[in-house]
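Rule-based calculations on the coordinates, nothing more; no lab input. Quick caveat: nothing in here was measured; it's all calculated off a predicted structure. Using ideal geometry, Cβ is built from the backbone for each residue, glycine included, and neighbour counts are taken over all protein chains shown.
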Amino acid sequence: MFKRACFLFAWAVVLPLAAQLSSALPADRLAFANQLAKRGLHAEALKEYEAIREVKTLPRDEIRFRLGEAYRHVGRTAEALKEYADLIKDHPQSRYVDYARLNRALLLTGETRVKELTALDHVGASDTIRATALYWLGETLEAQKNAKGAIGWYLKATEVAPTNDVARLSRLRAASLLSVSQDMRDRRQAQAIYLDLALGDDPHLAEEALFFAGMMSYREGRHREASQLFRRLAARFPASDRAKECAIYAAWSNYLDGRYGEALEIAARLRDEGNEDAAYLVAASLRKLERRQDAVDAYSLALAKFPRGRHADTEWFERLTVLAASGDNAAVLDELAKRPDPPAKTSDRAWSYGCEAAIAVTNYPRAIEFATLVARQAKGEMALNAVHRLAWLHEKTENWPKAALAYRVLAKNWPDAAVAAQALYQAGGAEVRAGRPEQARADWTNLLAKYPDSPFASEALYARAMEELRKKEYRAAERSLDELSRRFPAFAKRAEALYWWGVAANGIGDAPEAERHFRAALEAKPPAEFERETRLELAFILQKRGGEREAAEIFAGLLDTKAVDRMPPSELAWLAEFTAGVTNYAASLKAAQVIERRKIGSDWNQIGATLAGEAHEGLNETDAAVAAYTRALATGAKTASGAKAALAHGIPVVLGNDTSCQWVAQYDFWRELCYFHEYAGASNACALYCATGQSARMAGLGDVTGTLRPGLCADMLVTSENPLADLRALEQAAAILRRQGRGKEADDLDAERAKRYPKTNGTR
């Protein structure tokens, strides 16, 4: 304002002076005109110059130069160029020539201008002229987008006149161009220039240099250095406009450098002054400092104060991020309900937060919605993760077809992803649960073809074999397990695979091959559960193939394990009898006790108790044996074991056709005697007695029949061999001597026997 007042004052003085000088000496008028030009009154100066241009006593070179300058300043370019040209032509030795040439060049354009300015760079020109010409050459080339050429002229100007104001300005312009170079060396040179200018005594230039040096460091990520430069500027020029600008940049620099506390301190002060950037930085710094609730409040304040500000979308998203990190799942879902269309650049991540929040509160349908949105819109790894999450969610909700589909989509769209092979493996598993085993096989086969070296290739082969076993496709399972063994000899579940290979071989009736695989499985040291199952299956095979002793040893070793639950009672009974036969009564007792403990029916309860009694007898545990036999009889069952128990207790046993074994026909009664001998342990004589004398006595007919004594009735069977030695002698009777009066009945029965059982042979 003061300068403006001075200027007006000067203008007020000039007007009367002009009137007084109209008749003054030419030299005085020239001086007056020069003063007008110096004060910027170029139009008024031009009038004076034109009035005295023909005065011959005045220096013609100066008049022409002054006229050219006046014309240039008032925009009469053509006239200015003519005056400059006449001066250069007519007064080549004038001290004004170089200035005329310089200003004339500045009125020209293009290559002509460059040529004229270049010509001023000669030994005879003053340093000021040369430096100025070189500066304008730099500006000209910079305007032409020739940064490299411009830098060259600017730097040359600084060499010509290092202390000149124009040279310092040239350095500033050169640094500006060097600072955006791709060459690190250029940028280092720019920074050096800025810092050197910042030390100069020109305050305006120093301020600009400090600012640009700071911005350069800021752009290049040297944030600590940038912060120092910005603070240096603010301290040196506290009242400048740049100082406030530098304060927010200092806050940003601290934030980006990870010094969130310092950033917060600066930003908090600036926020109170209404700075939008500062409002955001306060919240962001609090978030980085993990002051989550304070951060949420600061974000909310920033959004309330600048609802449509340039940081509003970022603030909304980062607040959502803080809520998600805090585990405030309800708040996350509420925010997304209020804003179902989040900012485009962060929508994928926002929906991902929503997905995880919904999972946390077990709202799987909502989680599926979010995951679907991410999968449809996102790109790259985020989309991959969304599809993977979607597959998992479908598994969680037992939507197996959709789970399988999601896994296949993942493998198809991201075939090179680390999880692609696993996805195909899991797709197969989901298809099995969906009841589509053929599709499962297709997925696993696809995995084997595309990812033969994947860790999941072996798992796929194994899974395929398991599915084939489940469907009792034993030969297909063998082929899969064989391939598994060949391709993946170090398969982690090799022992289990060998076990199942044995099961497959057993399924097709190849007992030797089954035995080989079961033994190989045991050598591979399977987990405890599989070891028990393998031993059990091996024992079953051995029992059938004549390896009873080894089978019995294996069975006995499994009696205290869970595998015993898979042993049929018949096998346990066999084990009890076999081990008793080799005097291993402890094992026999244990097997018998297992049968009895199961309580699977009176018949088996009786058998178990009887076998336990026999084992106790073998161990000389008489009382325990009696107790066991008593339990056997108490079952009320009608088994050979019951007969054993009765014999052991001295309880009468009666043999009769009507209560015989189901395999004994009326006319094969001899078989019942054989079975009684074999399974109940009765002697041949005892068997014969129980079927004759004992039966009659128990029926109350002991004084009528049942024994060969005078006065008693009896049919006598005549045999070729001694039944006391072998009861099978009763099968081939030589003759039957019938009681008187029963001939007709005997004939009828004989005829019926021959009709029903033509292969039997009996003679009356």
Explain nothing, just the number: dipole magnitude of region 144-292 about its Cα centre with +1 on each Lys and Arg Cβ and -1 on each Asp and Glu Cβ, in debye rounded to the nearest 20. 480
Going through the cross-link list Lys345/Lys450; Lys38/Lys156; Lys471/Lys544; Lys38/Lys89; Lys148/Lys288; Lys525/Lys599, which pairs have a Cα-Cα distance over 32 Å in this structure? Lys345/Lys450; Lys148/Lys288; Lys525/Lys599
Evaluate the relative contact order of region 568-651 (contact order divided by residue number), counting alpha-carbon pairs under 8 angstrom at least 6 apart; express in whole percent. 25
Over what distance in Å are the Cα centres of region 245-264 and region 124-195 separated? 32
What is the fewest-to-most order of Trp501, Trp414, Trp316 by other Cβ atoms lying within 10 Å of their Cβ? Trp414, Trp316, Trp501
What are the ³J(HN,Hα) couplings of region 580-592, residue after residue, when phi is run through the Karplus curve with 6.51, -1.76, 1.60 and θ = phi - 60°? Round to Hz, x for glycine and proline. 5, x, 9, 6, 8, 5, 5, 5, 4, 4, 4, 4, 4
What are the ³J(HN,Hα) couplings of region 382-396, residue after residue, when phi is run through the Karplus curve with 6.51, -1.76, 1.60 and θ = phi - 60°? Round to Hz, x for glycine and proline. 5, 5, 4, 4, 5, 5, 4, 5, 5, 4, 4, 5, 5, 5, 4
Region 271-340-region 377-431 distance, computed between alpha-carbon centres (Å): 34
Dividing the mean separation of Cα pairs under 8 Å (6+ apart) by the residue count of region 472-566 yields a relative contact order in percent of 21
Give me Arg310, Arg39 ranked fewest to most by other Cβ atoms within 10 Å of their Cβ, as a rough exposure proxy. Arg310, Arg39
Need the list of aspartates and glutamates near Lys402 for cross-linking: C-alpha distance under 17 angstrom, and skip anything on the same chain fewer than eight residues off. Glu369, Glu431, Glu438, Asp443
Karplus-derived HN-Hα couplings along region 498-508 (A = 6.51, B = -1.76, C = 1.60, θ = phi - 60°), whole Hz, x at Gly and Pro: 5, 4, 5, 4, x, 4, 4, 4, 5, x, 9
In debye, nearest 20: dipole of region 472-566 around its Cα centre with unit charges on the Cβ of K, R (+) and D, E (-)? 220
Spelling it out for Thr719: with amide H atoms placed in the peptide plane at 1.01 Å from N, the residues 5 or more places away or on another chain with amide H under 5 Å from its amide H are Ala734
Given the options Gln377, Trp400, Val387, identify the residue whose Cα lies farthest towards the positive end of the charge dipole of region 313-415 (+1 on Cβ of Lys, Arg; -1 on Cβ of Asp, Glu). Trp400
Defining a contact as two alpha carbons under 8 Å apart and six or more residues distant in sequence, what relative contact order in percent does region 94-145 show? 32
Going through the cross-link list Lys412/Lys472; Lys56/Lys82; Lys379/Lys412, which pairs have a Cα-Cα distance over 22 Å in this structure? Lys412/Lys472
For Asp416, Asp297, order by how many other beta-carbon atoms lie within 10 Å, fewest first: Asp416, Asp297
